[in-house]
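Below is one structure, written out as structure tokens, with a few remarks after it.
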Amino acid sequence: MALVVMKFGGSSVADADKIKNVASRVIETRRRGNKVVVVVSAPGDTTDDLITLAFKLTENPDAREMDMLMATGEQVSIALLTMAVKARGTRAISLTGSQAGIYADSCHTRARITKIIPTKIKRELVRGNVVIVAGFQGVNPNDDITTLGRGGSDLTAVALSAALGADECRIYTDVDGVYTTDPRMVPDARKIDVISYDEMLEMAGSGAQVMQGRSVEVAKKYGVNIRVLSSFAKTAGTLITGEPDKENQMEAAVVRAVTLDRNQAKFSVLDIPDRPGIASGIFGALSADGINVDMIIQSAARQRSNDISFTVSRTDAKKTAEILRKLRGRTGASGVAEDRGVAKVSIVGVGMKSHPGVAANMFSALAASGVNIEMISTSEIKVSCIVSEKQSDKAVSSLHKAFGLGAKSAKRKRK
Ligand code: ADP
Ligand code: ASP
Ligand code: MG
């Protein structure tokens, strides 16, 4: 008897009909003789709505209470889905993160899983129940609920698959796999059949929402093969794995996908003295407040001063501006420029390692479309550019086309 972990995202459980559809898929898998563990997210936009509500009450909501609040969304889903499954005559039980034995640290709103003790899950499986677990939540050493960062139900599913030694980890969502770019933005995007953990990690880290980055890290660490599938259509989806098959490696695309991250803000600290300790003062203060800095550029010194520009998540922009204002006396900067209207566009592909000139091709494709590049960063398998958000859609579609990623160009190549 195989053990299958099935995770359904928020859009798959957004209303009663969708919950019934999920119940059917779960029951079907159980009837095939599998043991089934299900992980669900909060319905539809519930998590966003709860966050908005909290910010209507206070500008700076308490992190412990935020977790208490956000975790309620997933509890709505597990209870409703379990009712729907039981109503159809299949045995099932819902479990919160804590009941499922998911232990996490105390870093509220972005906790890390420390261990999983799935005793209760195993007991319920032996009793013949489908076990329906609340995604996105764990319990800290103080017995408080902590949440695992946005998109964290993916992490719950992957971590449970590793802890239970599941035969399959299936992530069901509202698209039928991982595409060469967001298929909602570029209709010509093509579904990828098999993708490596490393490429998926870079895609997730640069804005492809379809999988949470941390869940892919855990999958890579524990060798969990993930299949991304549609909750609605019955297609083969995309396999995320460590060893894409040989045929696939031979055909390895130089650029596998284009991603876009709109959650970006750019800051420039102007005319700071060119002496040791300035950068560490700025970035030390930001990191002490939990702000993740992404790209950094320091201009060449002129008359013993220079500018430092960097990007952070737009959600951290307000906090960043405050910190820079407080630091101004100490850095001796003449001012700070802030731009929240930027986005990061990236190309990702393991094939880049062995193909020089990919970055140059990216820059010429952007130039040909009249897109101005404000900042650049590169890694072994990714090149990212900061562009104006207004031009970001154009940037994505022109790169997708220039690297021959679309369904149309694939058809042309086959001819
Ligand atoms: P869920 O609610 O199931 O967790 P998400 O909204 O987190 O779903 O992720 C699915 C969405 O990710 C899709 O609706 C799609 O718009 C977006 N997406 C972004 N980039 C990609 C990509 N490269 N391939 C597939 N989907 C993508
Ligand atoms: N409900 C949580 C979120 O919206 C977790 C998830 O959907 O994976 O981020
Ligand atoms: Mg998601």
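The values are calculated or read from the model by the stated rules, or taken from the named source; none is laboratory data. Source: prediction; values computed, not measured. Neighbour counts are summed over all protein chains in view; Cβ atoms, including those assigned to glycine, are modelled from backbone coordinates with ideal geometry.
So here's what we get for this one:
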| quantity | calculated |
| --- | --- |
| When residues of the range 3-18 are limited to those that are under 23 Å from ALA166 (Cβ atoms) and in a helix (DSSP H, G or I), the one farthest from ligand 3 (Cβ to nearest atom) | VAL13 |
| So GLY281, is it surrounded by fewer than 16 Cβ atoms within 10 Å (Cβ to Cβ) and over 29 Å from GLN391 (Cβ atoms) | yes |
| Single unsatisfied condition, ALA84 versus (1) touching a residue at least 40 places away in the same chain (Cβ under 8 Å); (2) in contact with a helix residue (DSSP H, G or I) (Cβ under 7 Å, 6 or more places away or on another chain); (3) within 16 Å of ligand 2 (Cβ to nearest atom); (4) aliphatic (A, V, I, L, M) | (3) |
| Close pairs (6 angstrom Cβ cut-off, 6 or more residues apart or separate chains): within 23 Å of SER309 (Cβ to Cβ) and at pLDDT below 95 in the range 376-405, among the aliphatic types (A, V, I, L, M) and buried (at least 18 other Cβ atoms within 10 Å of the Cβ) anywhere | SER377/MET295 |
| Those residues of the range 90-123 which are touching a Gly at 6+ places or on another chain (Cβ under 8 Å) and of a type in the set (A, V, I, L, M, F, W, C), in sequence order | ILE102, ALA104, ALA111, ILE113, ILE116, ILE117, ILE121 |
| Residue among ARG31, ARG91 that is basic (Lys, Arg), away from ligand 2 (no atom under 12 Å from the Cβ) and touching a strand residue (DSSP E or B) at 6+ places or on another chain (Cβ under 9 Å) | ARG91 |
| Top-ranked residue of the range 119-145 - restricted to ones that are within 21 Å of ASP62 (Cα to Cα) and more than 18 Å from the chain's Cα centre (by Cα), ranked as nearest to ligand 3 (Cβ to nearest atom) | GLY138 |
| Flag for PRO183 being under 20 Å from VAL348 (Cα atoms), without any contact (Cβ under 8 Å) to a residue 24 or more places away in the chain, surrounded by fewer than 20 Cβ atoms within 10 Å (Cβ to Cβ) and within 17 Å of the chain's Cα centre (by Cα) | yes |
| Single unsatisfied condition, LEU155 versus (1) surrounded by fewer than 24 Cβ atoms within 10 Å (Cβ to Cβ); (2) within 16 Å of ligand 2 (Cβ to nearest atom) | (1) |
| Spans of strands (runs of 3 or more DSSP E) in the range 332-415 with at least 2 residues buried (at least 18 other Cβ atoms within 10 Å of the Cβ) and not acidic (Asp, Glu) | 335-348, 382-388 |
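Every residue, every condition in (1) away from ligand 3 (no atom under 15 Å from the Cβ); (2) of a type in the set (Phe, Trp, Tyr); (3) under 19 Å from ILE381 (Cβ atoms), yes or no:
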| residue | (1), (2), (3) |
| --- | --- |
| ALA162 | yes, no, no |
| ARG170 | no, no, no |
| GLY177 | no, no, no |
| LYS191 | yes, no, no |
| ALA208 | no, no, yes |
| MET211 | no, no, yes |
| THR235 | yes, no, no |
| THR238 | no, no, yes |
